[in-house]
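Peer 1: Quick one: this structure, given as structure tokens, is what I'll be asking you about.
The values are calculated or read from the model by the stated rules, or taken from the named source; none is laboratory data. Just so it is clear, the model here is predicted, and its values are computed rather than measured. Backbone-built Cβ (ideal geometry, glycine too); neighbour counts: all protein chains shown. Surface areas here come from the heavy atoms of the whole protein model, side chains and all, with no ligands, DNA or RNA. Shrake-Rupley method; radii C 1.70, N 1.55, O 1.52, S 1.80 Å.
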Amino acid sequence: MMQSSTLKRVCAKARIPFLNVEQKTPKWRFPMNRAGYFAAVISLILFFAGCTLAPNPKEVLSDYLDNYFQGNSEKAYEFLSAEDKTIKSQQDFSTAFFGGFTKALAGKTTFSIKEVKVSGDKALATVDVTKPDLNQVMGEFLGTAMKSILSGGKPDEKEMEKIVAEKMKGKNLPTTTKTEQFDLVKGKDGWRVYMGWANEKKINELKAAAEKLERQKNFAEAKAKYSEIMALSSRDDEAPRKVKELDEKVVEYKEKRAYFPNIEIRNIEIRELKYLHGSAAFGEIKNKGDRSLKRVEVTTYCLDKDDKVVFEKDSSAVLVSEYSFGGRDNTPLKPNYSRQFIGGLLDSAPSDWSGKVRVEVTDLEFE
């Protein structure tokens with residue numbers, strides 16, 4: 001029989017009120033007979049046993065990665081979340097993740113789970129993945145593939161897997177280690193690896209929007225889109241890199257924009273091009289500031305009858321490049337200097353373009 005002191009410690013750990021049956025039961029408490037006493041003890045034992053036996057997120061992730069890197073696709077699939085399984089079947093998972101190099105690398109990749117942070121029913125794991133560096137065999141692999149293509153054939157996937165396996169056999173290839181993150185969620189079946197496939201479409205849409213915003217020099221808004229991607233998936237390697245890159249661009253572009261008022265765009269007119277179908281904006285640019293410019297990007301905005309933008313085209317009014325052509329001035333635009341330029345082709349402008357344009361400086365590089 002469990003001693004009263006032991007039961008008291010267990011109850012305290014489980015935050016369950018302890019009632020000593022050997023003491024006189026206070027009038028305001030419900031009495032507990034010995035049957036109830038033993039039932040409480042058994043419930044506590046089962047409670048702690050259940051907590052102990054259920055695999056924790058680190059164990060589940062370890063089992064998943066072990067099977068994944070060994071090439072056991074069916075077993076690895078079992079450790080995925082129920083939500084992921086509604087998006088991809090076991091067959092789709094095997095086809096997407098266990099073809100080509102993955103089979104050849106089976107058993108040659110190791111991992112080390114460095115940290116698992118649990119927050120309620122979610123967990124984030126940081127893992128170091130070490131795999132062979134294939135740079136040494138890629139040259140031979142691609143050479144074989146190109147021979148097949150040039151001879152009019154099509155590389156056979158199984159044959160390519162065989163080639164890679166043969167090239168790696170007996171070679172003590174150097175390894176490369178990459179730190180990756182994995183999400184886990186706790187559901188009815190316990191902890192499972194969460195791939196977030198349901199968010200793939202949303203992530204692709206956000207990336208497309210971010211790329212467009214970046215081209216438009218809206219770096220802060222582009223960064224916000226990549227931040228949304230990071231919130232949807234911790235497995236996206238590009239998003240954190242882009243957020244850092246865009247932080248730098250925001251600062252850099254702020255300095256550039258401060259110089260924009262020193263650049264004058266004047267004498268704009270639309271002309272038909274003699275040797276090309278379509279028209280372009282011709283104009284003159286002057287550097288009224290105190291710094292030399294090796295590149296100045298201008299954007300020609302086509303306007304409708306209400307002066308609203310219906311089309312735009314970027315071009316370089318100043319560009320110092322080793323690939324200069326057509327007699328173009330290939331020198332920096334010095335302070336107080338000016339030169340003529342030709343904007344981009346406007347042949348793709350829609351029918352509601354009124355013929356009016358607005359030309360603005362949108363980027364630059366200092367010498």
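Peer 1: For Ser62, all conditions in the list (1) at pLDDT 90 or above; (2) more than 28 Å from Leu173 (Cα to Cα) hold save one; what is the number of the exception?
Peer 2: Result: Ser62 fails condition (2) only.
Peer 1: Here is a follow-up. Is it the case that some residue within segment 262-270 is part of a loop (DSSP other than H, G, I, E, B) and over 38 Å from the mean Cα position of the chain (by Cα)?
Peer 2: Within segment 262-270, not a single residue is part of a loop (DSSP other than H, G, I, E, B) and over 38 Å from the mean Cα position of the chain (by Cα).
Peer 1: State whether the residues of segment 176-184 include one that is in contact with a Leu (Cβ under 7 Å, 6 or more places away or on another chain), open to solvent by 40 Å² or more (accessible area, probe 1.4 Å), of a type in the set (S, T, N, Q) and within 30 Å of Phe93 (Cα to Cα).
Peer 2: Yes; the residues of segment 176-184 include at least one that is in contact with a Leu (Cβ under 7 Å, 6 or more places away or on another chain), open to solvent by 40 Å² or more (accessible area, probe 1.4 Å), of a type in the set (S, T, N, Q) and within 30 Å of Phe93 (Cα to Cα).
Peer 1: Hey, can you tell me all the residues within segment 295-312 that are within 33 Å of the chain's Cα centre (by Cα) and basic (Lys, Arg)?
Peer 2: The one that is within 33 Å of the chain's Cα centre (by Cα) and basic (Lys, Arg): Arg295.
Peer 1: Evaluate segment 279-286: report whether one residue or more is open to solvent by less than 40 Å² (accessible area, probe 1.4 Å), hydroxyl-bearing (Ser, Thr, Tyr), modelled with pLDDT under 95 and closer than 27 Å to Ala220 by Cα.
Peer 2: Looking for residues that are open to solvent by less than 40 Å² (accessible area, probe 1.4 Å), hydroxyl-bearing (Ser, Thr, Tyr), modelled with pLDDT under 95 and closer than 27 Å to Ala220 by Cα, one finds none in segment 279-286, hence no.
Peer 1: Being assigned to a strand (DSSP E or B), more than 35 Å from the chain's Cα centre (by Cα), hydrophobic (A, V, I, L, M, F, W, C) and at pLDDT 95 or above, is that true of even one residue in segment 344-355?
Peer 2: No; the residues of segment 344-355 include none that is assigned to a strand (DSSP E or B), more than 35 Å from the chain's Cα centre (by Cα), hydrophobic (A, V, I, L, M, F, W, C) and at pLDDT 95 or above.
Peer 1: Identify all residues within segment 204-229 that are within 22 Å of Asp183 (Cα to Cα) and surrounded by 14 or more Cβ atoms within 10 Å (Cβ to Cβ); write none if there are none.
Peer 2: Across segment 204-229, the qualifying residues are Leu206, Lys207, Ala224, Lys225, Tyr226, Ser227, Glu228, Ile229.
Peer 1: Another question about this same structure. Would you point out which residue out of Asp306, Asp314 is among the charged types (D, E, K, R), in contact with a helix residue (DSSP H, G or I) (Cβ under 9 Å, 6 or more places away or on another chain) and either farther than 22 Å from Tyr337 by Cα or not in a loop (DSSP other than H, G, I, E, B) (or both)?
Peer 2: The unique qualifying residue is Asp314.
Peer 1: If you check every pair at least six apart or on different chains, which have Cβ atoms under 7 Å apart with a residue in segment 216-229 that is closer than 23 Å to Ser315 by Cα first and a residue that is open to solvent by less than 50 Å² (accessible area, probe 1.4 Å) and of a type in the set (Val, Ile, Thr) second?
Peer 2: Going by the 7 Å Cβ cut-off, the qualifying pairs are Lys217/Thr362.
Peer 1: Further question on the same structure: Only one of Val298, Val357, Val318 is within 19 Å of Arg215 (Cα to Cα), buried (at least 17 other Cβ atoms within 10 Å of the Cβ) and touching a Gly at 6+ places or on another chain (Cβ under 9 Å); which?
Peer 2: It is Val298.
Peer 1: Could you tell me whether segment 188-197 includes any residue that is more than 12 Å from the chain's Cα centre (by Cα) and farther than 20 Å from Val60 by Cβ?
Peer 2: no
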